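J.: Sharing a structure with you now.
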Amino acid sequence: MRFISPKIDYAFKKIFGSEQSQDILISFLNAIIYKGEKRRQLADLSFKRKRKILPIPMKNYS
C-alpha cells in the first residue's frame, strides 16, 4: 500500500487541518518550534475559517 506524502499541501491539510486532529497538530508544532523545550509549548489553538478543498476537474481526452 502506498501513502500520500504529507509534504503535499492537500495531504497536510487532510492530516492536520481539522479540529479532530488538533492534538496531533499541537504535538507537531511543538516538536518543530520548541524542539524539546518543556516550559514554552503550545497548549491550545483555534482554527479560523476553513477553506473549501475543491476536487480537481479531470479532462477526458478520449
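J.: Might you check whether a residue that is open to solvent by 100 Å² or more (accessible area, probe 1.4 Å), β-branched (V, I, T) and modelled with pLDDT under 80 occurs anywhere in segment 48-61?
T.: Applying the first criterion (open to solvent by 100 Å² or more (accessible area, probe 1.4 Å)) to segment 48-61 yields 48-52, 54-61.
Narrowing further to those that are β-branched (V, I, T): 56.
Filter once more, so that each one left must be modelled with pLDDT under 80: 56.
The answer is yes; a qualifying residue exists.
J.: Still on this structure: Being modelled with pLDDT of 80 or more and over 10 Å from the mean Cα position of the chain (by Cα) is the requirement here; does Y34 meet it?
T.: Answer is yes for this residue.
J.: Do any residues in segment 6-33 that are open to solvent by 100 Å² or more (accessible area, probe 1.4 Å) have Cβ atoms under 6 Å from those of residues that are not small (G, A, S), where the two are at least six apart or on different chains, and which pairs are they?
T.: E19/F47
The values are calculated or read from the model by the stated rules, or taken from the named source; none is laboratory data. Everything quoted here is computed from the prediction, not taken from an experiment. No Cβ is skipped: glycine too gets one built from the backbone with ideal geometry, and neighbour counts run over all protein chains shown. Just the protein is used for accessible areas: all its heavy atoms, side chains included, with ligands, DNA and RNA removed. Shrake-Rupley method; radii C 1.70, N 1.55, O 1.52, S 1.80 Å.
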